[in-house]
Structure formats: C-alpha cells, structure tokens
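The values are calculated or read from the model by the stated rules, or taken from the named source; none is laboratory data. Not measured: the values here are computed from a predicted model. With ideal geometry, Cβ positions are generated from the backbone for all residues, glycine too; neighbour counts draw on all protein chains shown. Areas reflect the complete protein model, heavy atoms only, side chains present, ligands, DNA and RNA absent. Shrake-Rupley method; radii C 1.70, N 1.55, O 1.52, S 1.80 Å.
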Amino acid sequence: MEPLSMNDSMTTDTAYERILWLRQELHRHNHLYHVLDNPEISDAEYDRMMQELLGFEKAHPQFQSLDSPTVRVGGSVLAAFESTAHTLPMLSLDNAFSEQDILEFDARIKKLLQSQESITYTAEPKLDGLAVELVYENGALTMGSTRGDGLTGEVITANIKTIRSVPLLLHSDSPPARLEVRGEVFIEKKNFQKLNQERLKKNQPIFANPRNAAAGSLRQLDTSVTASRPLDINVYGVGYLSEPLSHSHWDRLCRLKHMGFKINPLIRPCLDLHQVLAFYRELGENRSRLPYEIDGMVIKVDDLRLQESLGIKSRSPRWAIAWKFPAVQATTRLLSIEIQVGRTGVLTPVAILEPALVGGVMVSRATLHNEEEIERKDIRVGDTVFVERAGDVIPKIVKVVTEKRTGNEIPFQMPTTCPACGARVNRLKLETSDTAEVAVRCINTQCPAQLKENIRHFASKAAFDIEGLGTKLADQLVESGLLKSYADIFQLTAEKLSQLDRMGKKSSENLIRSIENSKQIPFNRFLFSLGIRHIGENTADILARRWGDLDMVMNQSADILAETPGIGGVIAESIYSFFQNSENRDVIQRILAGGVRIQSPPCSETRGGLDGKSLVLTGTLSRFTRPQAKALIESAGGKVIGAVSRHTTYLVVGDAPGSKLETAQKLGIEIIDESGLLKLLGISENGEIP
Ligand code: IVH
C-alpha cells in the first residue's frame, strides 16, 4: 500500500482503511522488533508510521481503539490504581538451595504419583523482575495486573500496554474467549544502566537494581513515564483459560509463543533429572553473560495432568520448585582502604575486606573506584558492608549497613602524596567522563608503582605476550633496579636475571627465550603495549589498520589522527602528545634497537574493504549461515544491521527475501546477491580467500 498523507479531501472511509492498515503494520513490526528481535524496518520508519497513525486518530476520534498501537506511547494519568481479584490465585514457589533439595523434590513427586519412572520437567531461568497477569478476552488485551498478595493485585492495564513486547491483540484467527497469561516484567541490565545514568544526569535518585527499576516503572500513575522506561516481559505460565491449550506445559508455552508472546529462549524440556541438573550448571555458568538478571531456575513437571494430580499446598504448587543460585551478596567488614597506583599514575582506593563467601567465591578485596564513590556511599573503615559479585566482574561494595555502626568507624581521606613514591599528587577532572569525576594522579613519571604496572601491561598477552613475566616478576625486576623502563626488557640477560631471588638458571633462560620469541610483534599489539592513555586493544587495532606502520602514526598531527573513523579527539590528542614526548621516542628507539620487529597489518582493501560499511542480510544464503556471514563481514571491517535504513550501504539478498528488499528498493539502497558479497569479502566463488 502506498504511503498516504492526511488531507482534507480524504474520505472518512479511506482514513479508516489507512488507520486499520497502519495499526496492523505497527503491530507486526512491533512484534518483529520486540519479541522476535528481527526488525524489518528502521526505528525512524516505525516512528513515522506511529506519528501518522496518531495524526489520523486525532483527526478521527470516532476511530480510536483500546487496541491501537498508539496506546504504547502512554499519556493517560490515573488518580490511583484499582484492585482486582485474580480469577485463580497467583501462587509462589518453594525454594531449593542445593542439589540434595532437588533430588528430594523429584523423589517426593515420584512418591506422590506412586511411580518410579523418570519425570519430564520443563526448566526455566527464573527472571528477577515483577510477576504480572495479562487477561485477553476474545483475543484483545483487556486487563493487566500486578501479583499483589497473590489473591488480589493492582490494575495496571494502561502501563502494561506501553510494554512493546506485550501483544495488544493475539495472533490467532480463533482466539479463546478468555486467556489469562502470567509472566515476569523486567529490565535488561544494559538498559538499567542507561536508565540510571540518565537519572544521575537529571539529579534523580538511582534505582538499586533492575528489579526495583522494573517495579517502580510499572507502578507509575502517569503512563507516559512507564512508556519511557525500557520494560520487557517473558511469559511463563497461565491463569484461567476458557479452553485448554495443551496437555504439556512446554507445548503450552510454544502455543503462547505462536500467539505473539515473548517466551524466554532458554526454557527447555528436560527428559529426566540428570538433564535438569546439567541445565542448572550451564545456566549458572552463563548467568553473568545473560542480558538480564536471573536468580535461579524454575523446574516444573511438564505433564499438566500430573500437575493436576499433584495439586497445591497452601500458596505454592507441589509440581514446581525454584532452585536458587548461591547468594551473590554478602555482608562483611571493611578492614582498611588500600591505595593502588595504576599504569597512568591514577590512585584507586581498594577495599580490604574480612574474607567472605560471595556466590561461592571467597572475596577479600573490592573496588571502590574513587573518592566520590566512597563519599557518596559514606563508606568508613570498620563499617559492615554489603558486598556484591555480579558474575565474573570484580566485587563491589553496594552499601553500608549503617545500623551496625558503633561510632568507631573512620572516614576515609585520599592521600595528598603517592603511597608508592611519595611524590605530590594532582587532582584532574577526567576528560572522558560526563560526570564530575576527579582522578587523583601521581605526577612522577619515574614512580615505581606506575613502572611495575606498565611492565606488566607491556608483557601481557594482548601486548608482547612474554610468557613468565607476570605481576610478581615485574615487581621484582623494578625493585631490583634491573628495569627502569619497559625498553630495558630487551637488555636483560640470563646472568642478570639469575641474581634475583627465586630465579634459577633454568627459569632465567626460559624468560630470555620468551623475550626473544616476543620480538616479532604485530603493529596493533605493539601500539597497545606502549600503554598510551585511552589506547585499548580495539583502538590500537583501528589505528594499525588505518595507518599501517609506526612512522605514520608517530608523525600525524592530532587533527589528522582524529579523522580516523573510531578515533575521537581525546584519543587523538593522547596519541599525539605521547609521540611528541622525547623520552617516549627514546624508549621506542631502544625497543627497536633491542631487536623488536614490528609486522604491519594487511591493509584494509585486501581484507575486503568493508570498513565503515553497514550491511543488512535478508533471505537464506546458500554458502554460509547467518553467523558465518556476519563474522566474515565483521572481519572485513563491516557491520551487520538488523533493519534497512538510509544508512545501510548494501542489502545482501539470499533466497526467499523478506520485506527488507522492498524497503531497500524504496530507499534506493544498493542491493547485492551472494556472489556480490563474496566479491566484497575478497572470497572467490570456489571458496578460497585470495
Ligand atoms: S512460575 C506456580 N516461572 O518467581 C508458578 N515464576 O516465587 C508460579 N518467576 O512470583 C510462578 N521466573 O515472579 C514461574 N519461569 C518462571 C519464573 C517465575 C520468575 C518469579 C515470579 C513468581 C516467583 C515465584
């Protein structure tokens, strides 16, 4: 259908037709984007259609509808939430904390069912959010409510409708008269951080965790506030159904998925208890990498007839259990605050804690970031503190348990001299930060603490990769005076090394061999090894690919460097001033004189020349899978985007392309087939990379 614009001559019938078409398309694109994670149109195109629909609905109020996608924008303001009795109580779950608890749960079920046969379970990640119920009458969402006390909840229909992954209409030609579904509303970790950053900027209090943020966002009387929050939903069960959906819980979830609901993709059927135990371990290992917070796994008997015969006891079903992950928060005492001096001289306070088990790991140190953080959380030495370990990241202090204060706690003061060398420290506002963070930095370029960190960095895997030169040896080499700069590494001999404590002849020779082996180094790793401020692995990689060799990078002005895609002004300035410094130039000369040979990267053209290009894929490719195509495009410097927009460089069309093709044609985007993609990637038709 051709895009129309609203004008006076348009008949009411045509306007209504257009409204219906826009609604249908917006519902479809909304589902593609928020539920299937596979958009067909750009955000801008979606917004344009939404604006058009809003315009039509305003001009023709007689056509307004409670199911219109425009309700997602919010706007209505309630005086208070009404309450509603759930048709069936919203139960809670018993908790299990160990494998033994799960074995007992399984045994209990078998005993009650008087059966020795393996039970099929459905295992689901337990999302840490807020339980809600959604009621659909004849296919349309008519009510959304909170769990409340399980029997009565609050009516939050207008707020629920703003959640993009909640279908307003079921995808079904013959929807049941009444369908009640239950699920968890949550906020993804990255969206939670973004939300808090925005709140900080606006001087608003931040949310303690994604769960609180989700709960706070859902209970807003002004629905446009809820609409502005990045809420999401996963549906995991049902309430009252006017007609049964299936005999199996897993199958029921599949049917709900077909009706348009977002079901967590990790949910899986487990044919016996062994599969359940294996899945729990797998989930625990992957937990920190998931985009949302989970606090355990829910195990449910899959057969609904068995569920029925097992029944419920008071407020929880006998057929399900929540197996919690070990606590990742613990309370312990802050014994002291140590100051660490980093590679660039920045002083970072580190909390020394009374060792405590946090999520199964013994924790005795936690990062405190900077002085402001200590002040903001009012952390004092001697305090009892809440420590949290989120996955693999360094533990942090969440807050002080002020109720446990005795009055003997000592407030912290940042030193005015460097604890490693005694030099005066400078207070600098951090250039890269948009908050008022202050870095306290030791300005002595000869500071041994900085030198130790620089050497550790220089020898690390992503830099020179000198096997055997770790933290301890770096410290020893600096303390003994053998290293005054990282260039001295290439002057070391086995004789000099064997003078050090605990360095025998053999280990000295091994280290010298590692140093020899490190001397052939790719340019990107060489750049990274120098420890230039703001130059991480990625930036070093970009610079190496753009400029090819050391002389080129060393002799560019900051302005020219800043023109490199992916290199901002601050980074360019940092590179420029590093190479302007004659001491640094001297160190580089000495590294090269020590026998180091820098290998230039292949220039970007031979890698396919997709630098800075964005590609969209549609249809099935015959030569590779989507992830393979994506990896190849990315290794040639390109990006793969989900939806076509004006910024798309190429649309790659495979077999049975979707509507992206039409969008690309409309926008005049260059369309290529699989052979075209092979050419761009520099891969010949017979599959060889030239
Ligand atoms: S089933 C009778 N499944 O955990 C079944 N709950 O204490 C009741 N939750 O209030 C819930 N993920 O908020 C179920 N996959 C999942 C869940 C889940 C999170 C929450 C839910 C519920 C609480 C149970």
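Residue count for the stretch 290-304 under the criterion of being more than 11 Å from the ligand (Cβ to nearest atom), modelled with pLDDT under 95 and either open to solvent by less than 20 Å² (accessible area, probe 1.4 Å) or in contact with a Ser or Thr (Cβ under 6 Å, 6 or more places away or on another chain) (or both): the result is 0.
Only residues that are open to solvent by less than 70 Å² (accessible area, probe 1.4 Å) and of a type in the set (Asp, Glu) were counted across the stretch 647-675, and they come to 1. Screening the stretch 324-344 for residues that are in contact with a strand residue (DSSP E or B) (Cβ under 7 Å, 6 or more places away or on another chain) and among the hydrophobic types (A, V, I, L, M, F, W, C) and picking the one that is farthest from the ligand (Cβ to nearest atom) gives Val341. Scanning the stretch 548-573 for residues that are assigned to a helix (DSSP H, G or I) and either farther than 15 Å from Ile588 by Cβ or under 29 Å from the mean Cα position of the chain (by Cα) (or both) yields Ala558, Asp559, Ile560, Leu561, Ala562, Gly569, Val570, Ile571, Ala572, Glu573. Going through the stretch 305-323 one residue at a time, which ones are more than 10 Å from the ligand (Cβ to nearest atom), at pLDDT 90 or above and surrounded by fewer than 17 Cβ atoms within 10 Å (Cβ to Cβ)? Selection gives Arg305, Glu308, Ser309, Gly311. Here is the figure for the stretch 189-207: residues that are open to solvent by 40 Å² or more (accessible area, probe 1.4 Å) and either in a helix (DSSP H, G or I) or acidic (Asp, Glu) (or both) total 8.
Before we move on, is Gly144 assigned to a strand (DSSP E or B) and within 16 Å of the ligand (Cβ to nearest atom)? It is true that Gly144 is assigned to a strand (DSSP E or B) and within 16 Å of the ligand (Cβ to nearest atom). Scanning the stretch 117-130 for residues that are open to solvent by less than 50 Å² (accessible area, probe 1.4 Å) and away from the ligand (no atom under 11 Å from the Cβ) turns up Ile119, Tyr121. Within the bounds of the stretch 208-221, is there any residue that is touching a helix residue (DSSP H, G or I) at 6+ places or on another chain (Cβ under 7 Å) and open to solvent by 20 Å² or more (accessible area, probe 1.4 Å)? Looking for residues that are touching a helix residue (DSSP H, G or I) at 6+ places or on another chain (Cβ under 7 Å) and open to solvent by 20 Å² or more (accessible area, probe 1.4 Å), one finds at least one in the stretch 208-221, hence yes. Pairs meeting the criteria (first residue in the stretch 86-108 and in contact (Cβ under 8 Å) with a residue 60 or more places away in the chain, second residue assigned to a loop (DSSP other than H, G, I, E, B) and open to solvent by 50 Å² or more (accessible area, probe 1.4 Å), beta carbons under 6 Å, at least 6 apart or on different chains) are Pro89/Leu151; Met90/Arg147; Leu91/Arg315; Ser92/Arg315. Of the listed requirements (1) away from the ligand (no atom under 16 Å from the Cβ); (2) farther than 27 Å from Pro326 by Cα; (3) of a type in the set (D, E, K, R), Glu133 misses just one: (1). For the structure I just gave you, tell me whether Ala423 is modelled with pLDDT under 85, closer than 24 Å to Glu583 by Cβ and either surrounded by 16 or more Cβ atoms within 10 Å (Cβ to Cβ) or over 26 Å from the mean Cα position of the chain (by Cα) (or both). No, not satisfied. For the stretch 66-88, the criterion of being in contact with a helix residue (DSSP H, G or I) (Cβ under 6 Å, 6 or more places away or on another chain) and among the aromatic types (Phe, Trp, Tyr) is met by none of the residues. Which one is nearest to Glu154 (Cα to Cα), of the residues in the stretch 90-100 that are of a type outside the set (A, V, I, L, M, F, W, C), more than 8 Å from the ligand (Cβ to nearest atom) and open to solvent by less than 60 Å² (accessible area, probe 1.4 Å)? Restricting to residues being of a type outside the set (A, V, I, L, M, F, W, C), more than 8 Å from the ligand (Cβ to nearest atom) and open to solvent by less than 60 Å² (accessible area, probe 1.4 Å), the top hit is Asp94.
When the strands (runs of 3 or more DSSP E) confined to the stretch 582-674 are screened for residues that are free of Cβ contacts under 8 Å to residues at least 24 places away in the same chain, those reaching at least 1 such residues are found at 670-672. Within the stretch 113-140, residues that are farther than 30 Å from Lys189 by Cα reach partners that are assigned to a loop (DSSP other than H, G, I, E, B) and among the hydroxyl-bearing types (Ser, Thr, Tyr) with beta carbons closer than 7 Å, at six or more positions or on different chains, in the pairs Gly139/Ser172. Of all the listed residues (Pro205, Pro265, Pro230, Pro210), the sole one being within 14 Å of the ligand (Cβ to nearest atom) and either without any contact (Cβ under 8 Å) to a residue 60 or more places away in the chain or of a type in the set (S, T, N, Q) (or both) is Pro265. Residue count for the stretch 400-414 under the criterion of being exposed (fewer than 14 other Cβ atoms within 10 Å of the Cβ), in contact with a strand residue (DSSP E or B) (Cβ under 6 Å, 6 or more places away or on another chain) and under 18 Å from Val350 (Cβ atoms): the result is 2. Can you tell me which residues in the stretch 233-257 are small (Gly, Ala, Ser) and either more than 30 Å from the chain's Cα centre (by Cα) or in a helix (DSSP H, G or I) (or both)? If the condition is that a residue be small (Gly, Ala, Ser) and either more than 30 Å from the chain's Cα centre (by Cα) or in a helix (DSSP H, G or I) (or both), then Gly239, Ser242, Ser246, Ser248 are the ones that fit. Residue count for the stretch 147-178, restricted to those that are within 11 Å of the ligand (Cβ to nearest atom) and of a type in the set (Lys, Arg): 1.
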